[in-house]
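*Asks:* This is the structure I want to talk about, given as structure tokens.
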Amino acid sequence: MTKISAEIIGTMILVFLGNGVVANIILSKTKGHSNNKNGEWITITVGWALAVFMGVIVSAPYSGGHLNPCVTISFAIIGKFSWKLVPFYVFSQLIGAMLGSLFVWFLYKDHFYETQEQKKKLSVFVTIPSIKNLSSNFLSEVLSTFIFIFVSLYLSTEGTIFLEQKKYPIGLGSLSSLSSALVVLGIVLSLGGSTGASLNPARDLGPRIIYSIIPIPDKGESNWDYALIPIFGPIVGCIIASTLYLILSS
């Protein structure tokens, strides 16, 4: 239960802060609202990277700080995580993502009422492609998640050194949280222009569910016809990345 709770809390922090920076930037009459379109992407990407850092650093000592079904599945594929725990972790991440997005709604509720554009309201919760082309969007999610997981698996690799006939593990330790945040920052800045680079099925599905049921005025559709892309694209990407990692490390 400690691991499950850590995944819920960590993912809640991740989505609360990540979707929170989107709300702060694009909703009307917020302190962070700006008409400078060029600066929005940088601010949102940095905010999401910091959200990853804070979510991971809180949960890592207890659950490993996965916060993402793709991370959980990848660790299971390479043998560093039990397949028996995968469904429990994934469900916890989904619950955490739903809670985080619900808190964003509570915090910015007045600003949702002030915002007229339906697309902006939806963008606070989910990823939206810049050009809707399902095959291209799917490929974008596969490739961006492939890079994310492939690099992250090497970040999780630790070695050992011998001093005076004693073995000492070497690795990033608590700095791995910062490294994960920098990986997300780099990937979203470079590869997120097409779909926003979800990288995380729970991060998109959980908030989409919440958006569908909360009473946001004039909110429009929840784009369920697109929802499978940020779910299955990242899963395919993580499977390819972890399989390649196994081949290269064997």
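*Asks:* Mean separation of Cα pairs under 8 Å and 6+ residues apart, divided by the residue count of segment 12-56: what relative contact order is that in percent?
*Replies:* This gives 55 percent for segment 12-56.
*Asks:* Among THR43, THR72, what is the fewest-to-most ranking by other Cβ atoms within 10 Å?
*Replies:* By the 10 Å Cβ count, ascending: THR43, THR72.
*Asks:* Roughly how many nanometres apart are two label points built 7 Å out from the Cα toward the Cβ at LYS84 and GLU40?
*Replies:* 4.8
*Asks:* Taking θ as phi - 60°, what are the ³J(HN,Hα) couplings along segment 44-54 by the Karplus curve (6.51, -1.76, 1.60), each to the nearest whole Hz, with x for Gly and Pro?
*Replies:* 5, 5, 5, x, 5, 4, 5, 5, 4, 4, 6
*Asks:* Using DSSP loop states and a limit of at most 16 other Cβ atoms within 10 Å to flag GluC sites (Glu not before Pro), what is the longest stretch of the chain containing no flagged site?
*Replies:* The longest such stretch corresponds to 1-116.
*Asks:* Okay, next question. Ignoring everything except DSSP H segments at least 4 long, calculate the 222 nm mean residue ellipticity for the chain; use -39,500 (n - 2.57) per segment, divide by total residues, nearest 500.
*Replies:* -22500 deg cm²/dmol
*Asks:* Would you mind getting the Kirkwood hydrodynamic radius of the chain from its Cα pairs, rounded to one decimal in Å?
*Replies:* In the chain this quantity evaluates to 18.4 Å.
*Asks:* I would also like to ask the following. With each label point set 7 Å from Cα along the Cα-Cβ vector, what nm distance links ILE128 and VAL151?
*Replies:* Using points 7 Å along Cα→Cβ, the separation is 2.7 nm.
*Asks:* Return a whole-number percent for the relative contact order of the chain, with Cα pairs under 8 Å and 6 or more residues apart as the contact set.
*Replies:* Relative contact order, the chain: 29 percent.
Rule-based calculations on the coordinates, nothing more; no lab input. Note that the structure is predicted; figures quoted are calculated from it, not measured. For neighbour counting, all protein chains shown are included, and Cβ atoms are generated from backbone atoms with ideal geometry for every residue, glycine included.
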